[in-house]
Amino acid sequence: MSDVRVVAVTKTFGERKIVAVDDVSLEVHDKEYLSLVGPSGCGKTTLLRLIAGLIQPDKGEIYIDDVPMSKVPPEDRGVGFVFQTYALFPHMDVWHNVTYGPRIKALDEKNAAALGRETLEMMRLYERSDAYPNELSGGMMQRVAVARALAAGAKLLLLDEPLGALDAKIRNELRYDIRRLVKDLELTAIHVTHDQAEAMAISDRIAVMRKGKILQVGTPTELYMNPEHLFVANFIGESNFLEGQVAEVEGGLTEIRLRGNLIVYSANARARQKDERIVLAVRPEALRMQRGLKKTQNGLLGRVKDVTFEGTVTRYEISVKNGDKVIVTMPSLAGEPYSVDEEVTVSFEPEKSHIFPYPPRGLMDELKLE
Amino acid sequence: MTRITKFLDKISSKPIARYAVYVLGILFFIIIILIPPILGITLKLNLFLTVVNDPPLMSKALSAIFNSFAVATFVGLIDLAAGTPTAWFIARGKSRWLNVIDTLADLPFIIPTVALGYSLLLFWNSSYGISGLFGGSLISPGWILVILLHFVFSFPIVVRVMVGALLDYQYAYEEAARTLGAHPVGAERTVTFPILKPSMIGAFVLAFARSLSETGATIVVAGTFENGAVFIQTEKSLGNLAPLVFASSIMILVAIVIFAMIQIFGSRFKIPIKRVSPSFEKRLSGRGAASSRDGVTFFVFFFIVLIPALFVLVSAFPALVDGTLSNALTAKGVFWQQYWPSLALSLFIGFVATLVNVIAGLPMAILIARKRLGKTVSSVFDVLVNIPIIVPSVALGFSLGLFWTGLPLGIPELLLIILAHISITYPYFVKSLSAAISRVDLELENAARMLGAKPFAVFRTIVLPLVKYSFFAGAVIMFTRSMSETGATTAVSTTLKTVPVLLVYYIRQLITSKGVGMSSDVGLGCGFLILFSILILLVLRLVIRGRARY
């Protein structure tokens with residue numbers, strides 16, 4: 001069993017007390033695969049290192065299996081840490097890297113060897129036992145790093161951007177391998193990544209971080225379907241953001257006046273007040289497109305400005321008559337493609353949009369990745 | 001851009017011009033640096049047998065040579081044991097005084113060794129120093145004082161090398177070991193030290209070589225103890241050529257063999273990691289043990305290294321009020337009439353040796369760093385460049401003297417001293433600069449070439465600005481090394497006296513059977529040298545502050 005509770009943890013760095021993790025609380029359940037995502041510098045690696053005990057929090061407490069960790073050094077926490085650079089010991093071959101944990105804990109040679117062999121076979125690396133780290137490919141080094149953490153008997157695996165240095169194809173393969181392994185061995189895993197697609201593919205739950213705070217924690221579907229923050233709506237998946245004002249609130253529908261007095265409706269459940277300044281978010285894949293200019297509910301009339309073929313989908317940039325710009329993605333094989341300068345009507349279902357209060361510091365600032 | 005720069009830029013794109021520069025650099029190295037110390041001694045090898053046929057003399061010589069290597073080995077080891085924790089503290093500590101300690105740690109390296117020797121004598125042996133507390137001489141001149149002296153002046157070398165290694169070391173390795181179950185001491189023993197092993201071996205070799213080559217200060221503190229350098233010096237003063245040839249040739253040969261063995265077998269030496277005792281290592285990793293380690297480190301640094309090294313300044317203070325300062329400034333008295341010309345001579349020799357090596361060492365540094373003549377040839381030069389460092393300076397000087405004076409035209413004494421200093425200081429510049437150039441990403445040079453820069457322009461505008469701090473530091477190290485050089489200078493000089501040679505002469509007169517006497521003249525003379533060295537160090541620190549990456 002291995003569950004983790006982070007309670008009101010704060011960590012600052014340097015004499016200027018730059019806040020890396022700001023009053024963060026988080027619960028990771030036993031055998032859960034949780035990803036920490038967010039832009040560079042948001043504090044996700046710092047949070048992971050705090051959990052590992054590599055750095056100490058200024059405030060707050062971290063519990064592993066309900067035991068407070070403030071006085072427990074990293075070597076006694078029972079966690080496995082996979083570093084972004086792998087940190088494979090360059091003076092040891094694969095075998096000695098993987099069996100380092102059992103040996104340093106004074107496990108007898110026979111048991112250490114058995115553990116080493118088991119994990120290396122699991123990671124399909126036993127044949128490369130005598131290779132040194134500089135003789136391995138990036139993917140192999142990554143697997144050795146995971147094997148080393150597992151052989152040390154970790155029940156909690158902390159992965160710091162473990163796939164960041166690999167090329168796209170290998171990254172895609174390995175992310176499923178790691179998830180399968182974690183699930184097969186019934187481990188708890190916390191995986192740091194800035195790649196939201198990677199997080200969506202492998203996680204039971206995702207925590208989105210920004211500027212040292214956790215903005216939202218939920219399953220990939222929850223974050224995608226019901227983002228609670230503009231930043232999350234933008235970071236998890238992609239969204240079009242249209243600025244407007246609440247014209248009327250009637251039952252489950254909110255009437256919104258967009259730029260140029262264009263009226264659209266959203267079925268977003270969050271209560272809004274009349275005349276409140278808001279931002280309407282609609283995902284590109286939630287938009288439908290028709291040829292010609294047609295008056296329909298939630299219809300935005302415009303012209304195709306740019307077309308990008310991306311393989312599975314084609315991406316259209318539409319210049320709406322009211323001056324807004326929206327992105328529409330459509331399956332590439334779904335009918336005749338649209339061409340540049342073609343007049344189109346873009347529409348969406350009220351249920352597939354989200355309303356957010358207009359951020360005090362402006363929309364651009366709220367969406368900024370740094 | 002001047003016309004000359006334009007011309008050099010243009011001509012540098014011609015392969016023949018580039019190769020001509022490298023060939024000249026190589027020829028300088030072979031003719032001036034490499035051949036004279038090796039060939040000089042072989043010209044007189046016939047005298048070798050004279051000593052072999054005189055068993056008591058041979059036994060005396062061999063015993064002195066053994067003492068040299070025994071002291072150098074022991075000093076190298078205790079330097080590692082004491083210098084590594086100090087380096088650890090500097091590289092990983094969080095104290096606001098780190099910069100001060102870092103600067104202080106360099107001091108014994110740049111203080112001329114003869115001043116160091118006198119300082120240690122005053123501190124350990126005279127009643128003015130710590131011996132005064134015990135009512136007698138605490139440590140008499142002899143092997144203990146030689147070891148203390150060699151430990152003090154080679155300590156900064158080990159600290160500097162290990163600080164660099166620790167700063168370059170990826171801390172993630174140690175963190176990984178911790179998350180795998182190793183206690184801090186266990187992680188250091190099994191991961192950090194094995195990874196730092198090449199640097200530790202390098203630091204040991206430098207300390208070993210520096211100890212082996214030191215002469216002037218050793219003579220001052222050796223008493224009746226005789227190592228190779230003292231033996232050669234004594235035989236020279238007696239005019240006995242054969243023992244000089246015997247001892248010099250053996251010391252050169254053994255030093256080269258030991259160095260080669262360290263190069264070959266050093267990488268195979270493994271720090272054992274199999275036996276682990278988690279509970280013992282956990283205890284050693286505790287706060288109490290760490291505080292004790294830091295305490296011992298501080299004690300050694302301040303009370304064994306720094307205070308004894310600077311103690312000579314105590315003897316300089318009375319000179320400020322008893323009229324010695326006025327005598328010094330007006331060059332009154334025999335000592336000061338000799339001191340200032342000697343200082344001027346030392347400065348002149350240091351300046352010329354530095355200038356020549358900066359010009360002649362540059363192509364060799366590039367050749368080694370960029371492997372311009374292929375990996376093998378460059379690696380061979382990289383090893384050969386070390387020879388003047390590892391050969392005892394008095395033996396090197398003696399051999400050089402034999403070579404240059406053996407030429408049909410003869411050679412002026414001043415030029416001979418300059419050649420000896422060029423030989424001894426050359427490796428310091430080439431090693432420091434080649435290491436810096438090899439750290440400059442080759443792609444930067446390629447990018448400049450793609451933007452239209454000729455090879456010389458690439459060096460001028462890209463490489464040099466990036467390595468200028470190492471360039472400057474290398475030049476300063478050469479200059480200070482030349483300023484404190486005694487062994488080779490005594491070996492080749494007959495009438496000219498550089499400042500360290502002069503001070504050795506006067507300090508020896510102060511040593512009596514009752515201990516060392518204090519002379520305000522000598523104290524102030526050493527004080528001037530120390531002040532001068534500290535000024536150089538401060539200038540160097542100011543220039544390279546925060547920019548020492550290259």
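Every number here is computed from the coordinates shown, using simple stated rules; none is lab data. As the structure is a prediction and not an experimental result, all values here were calculated from the model. Cβ placement follows ideal geometry from the backbone for every residue including glycine, while neighbour counts extend to all protein chains displayed.
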Using Cα springs under 10 Å in a Gaussian network model of chain A, which residue among A:HIS91, A:HIS29, A:HIS229 shows the largest mean-square fluctuation?
A:HIS91
Other chains' Cβ within 10 Å of B:165-177 residues: what's the mean?
4
Label A:PHE13 and B:SER59 with points 7 Å out from Cα along Cα→Cβ: what is the distance between them in nm?
6.8 nm
Computed log₁₀ I(q)/I(0) - Debye formula, equal Cα scatterers, no solvent, chain B, q 0.08, 0.10, 0.12, 0.13 Å⁻¹
-0.56, -0.88, -1.24, -1.41
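So how strong a dipole does the protein assembly as shown carry about its Cα centre when Lys and Arg Cβ are +1 and Asp and Glu Cβ are -1, to the nearest 20 debye? Write out the running numbers ahead of the final one.
Working: 91 positive and 76 negative charges, 394 e Å.
Here the protein assembly as shown has a charge dipole of around 1900 debye.
For the range B:286-402, just run the numbers: alpha carbon Rg, then divide by 2.2 N^0.38 Å, N being how many residues it has.
On the way: Rg = 23.2 Å, N = 117, 2.2 N^0.38 = 13.4 Å.
Here the Cα radius of gyration is 1.73 times the empirical estimate.
Return B:TYR118, B:TYR128 ranked ascending by Cβ neighbour count within 10 Å, so the fewest neighbours appear first. Numbers along the way, then the final one.
Details: B:TYR118 31, B:TYR128 17.
Going from least to most buried by this count: B:TYR128, B:TYR118.
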Between A:ASP365 and A:SER339, the two model label points (7 Å from Cα along the beta-carbon direction) sit apart by a distance in nm of 4.5 nm
For the range B:155-202: rounded, prolate or oblate by the Cα gyration tensor [a/c cutoff 1.5]
prolate
Dimensionless Rg ratio for the range A:139-255, taking C-alpha atoms and the 2.2 N^0.38 Å reference:
1.35
Using only atoms on other chains, find how many Cβ atoms lie within 10 Å of each Cβ of peptide A:102-108 and report the average.
6
Say a paramagnetic label sat at a point 7 Å from the Cα of A:LYS211, along Cα to Cβ; which residues of the range A:347-370 have their backbone N under 20 Å from it?
A:356-370
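May I ask for the net charge around B:GLY228, where only other residues with Cβ less than 12 Å from the Cβ of B:GLY228 are counted and Lys, Arg are +1 while Asp, Glu are -1? Walk me through the numbers before you get to the answer.
On the way: positive: B:LYS60; negative: B:GLU214, B:GLU226, B:GLU235.
Cβ neighbours under 12 Å give a net charge of -2.
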Where Rh denotes the Kirkwood radius from the mean inverse Cα pair distance, what is Rg over Rh for the protein assembly as shown?
1.10
Could you tell me which of rounded, prolate or oblate describes the range A:275-354, using a ≥ b ≥ c as the square roots of the eigenvalues of the alpha-carbon gyration tensor, with rounded for a/c under 1.5 and, failing that, prolate when a/b is larger than b/c and oblate otherwise?
prolate
Bin width 5 Å, origin at 0, all Cα-Cα pairs of the range B:486-529: what percent of pairs per bin?
5, 21, 27, 20, 17, 10, 1
Stokes-Einstein D for chain A (25 °C, 0.890 mPa s, Kirkwood Rh from Cα pairs), in µm²/s, comes to 106 µm²/s
Cα-Cα P(r), the range B:425-531, percent of pairs per 5 Å interval
2, 10, 14, 13, 12, 10, 8, 8, 7, 6, 4, 3, 2, 1, 0
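Let me confirm one metric for peptide A:74-86, namely the mean number of other chain beta-carbon atoms within 10 Å of its residues' beta-carbons. Walk me through the numbers before you get to the answer.
Working: counts 11, 14, 4, 3, 2, 2, 4, 6, 2, 6, 1, 4, 2.
Partner-chain Cβ atoms within 10 Å, mean over residues of A:74-86: 5.
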Once the Cα gyration tensor of the range A:140-201 is found, what semi-axes does its equivalent ellipsoid get, as square roots of 5 times the eigenvalues, in whole Å, sorted largest first?
18, 13, 10
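If you take the beta carbon distance between A:LYS305 and A:ASP177 as r and set R0 to 41 Å, what does 1/(1 + (r/R0)^6) give as a FRET efficiency, to the nearest 0.05?
Numbers: r = 41 Å, r/R0 = 1.01.
For R0 = 41 Å, the calculated efficiency reads 0.50.
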Computed FRET efficiency, Cβ-Cβ of A:GLU135 and B:LEU77, R0 30 Å: what is it to the nearest 0.05?
0.30
Ordered by number, the GluC sites (Glu not before Pro) in the range A:1-51 that occupy a DSSP loop and have at most 14 other Cβ atoms within 10 Å are A:GLU15
Eight or more residues apart or on different chains, and alpha-carbon atoms under 15 Å: count the Lys pairs in the range A:225-342 matching that.
4
Can you give the relative contact order of the range A:241-367 as a percent, counting alpha carbon pairs under 8 Å and 6+ residues apart?
29 percent
Within the set A:LEU156, A:LEU185, A:LEU280, GNM on chain A using Cα springs under 10 Å gives the largest fluctuation to A:LEU185
Apply 1/(1 + (r/R0)^6) to the Cβ-Cβ distance of A:ASP184 and A:ASN111, taking R0 = 30 Å, and write down the FRET efficiency to the nearest 0.05.
0.90
For the range A:92-174, alpha-carbon Rg and Dmax in angstrom
12.7, 40
How large are Rg and Dmax for the range A:1-93 when calculated on the C-alpha trace, in angstrom?
13.9, 42
Could you sort the peptides B:224-237, A:354-367 by per-residue average Cβ neighbour count (10 Å cutoff), highest mean leading?
B:224-237, A:354-367
Most fluctuating of A:VAL182, A:VAL192, A:VAL320 in the GNM of chain A (C-alpha, under 10 Å) is A:VAL320
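Show me the ranking of peptides A:289-297, B:183-191 by mean Cβ neighbours inside 10 Å, starting with the highest. Display every interim value, and only then the final one.
Values: A:289-297: 12.0, B:183-191: 23.1.
Result, highest mean first: B:183-191, A:289-297.
Can you give the charge dipole size of chain B about its Cα centre, rounded to the nearest 20 debye, using +1 on the beta carbon of Lys and Arg and -1 on the beta carbon of Asp and Glu? List each step's numbers first, then the result.
On the way: 43 positive and 22 negative charges, 353 e Å.
Roughly 1700 debye for chain B.
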Label zone at A:GLN297 (point 7 Å along Cα-to-Cβ), backbone N below 17 Å, the range A:344-366:
A:346-354
Where labels lie 7 Å past Cα in the beta-carbon direction, separation of A:GLN56 and B:TYR19 in nm
6.4 nm
If you take the square roots of the eigenvalues of the alpha-carbon gyration tensor of the range A:203-335 and sort them as a ≥ b ≥ c, do you get rounded (a/c under 1.5), prolate (a/b over b/c) or oblate?
oblate
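How about the range B:86-161: which trypsin sites (Lys or Arg not before Pro) there are in a DSSP loop, with at most 12 other Cβ atoms within 10 Å of their Cβ? If you can, show how the numbers build up before the last one.
Working: sites: B:ARG92, B:LYS94, B:ARG96, B:ARG160; in loops: B:LYS94, B:ARG96.
Loop-located and lightly packed - B:LYS94, B:ARG96.
Viscosity 1.002 mPa s, temperature 20 °C: Stokes-Einstein D of the range B:1-81 from its Kirkwood Cα radius, in µm² per second? Present the calculation step by step, with values, prior to reporting the outcome.
Numbers: Rh = 17.8 Å.
Using the Kirkwood radius from Cα pairs, D works out to 120 µm²/s.
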Under 22 Å from the Cα of B:LYS44, which lysines turn up, not counting those fewer than eight places away in the same chain?
B:LYS60, B:LYS236
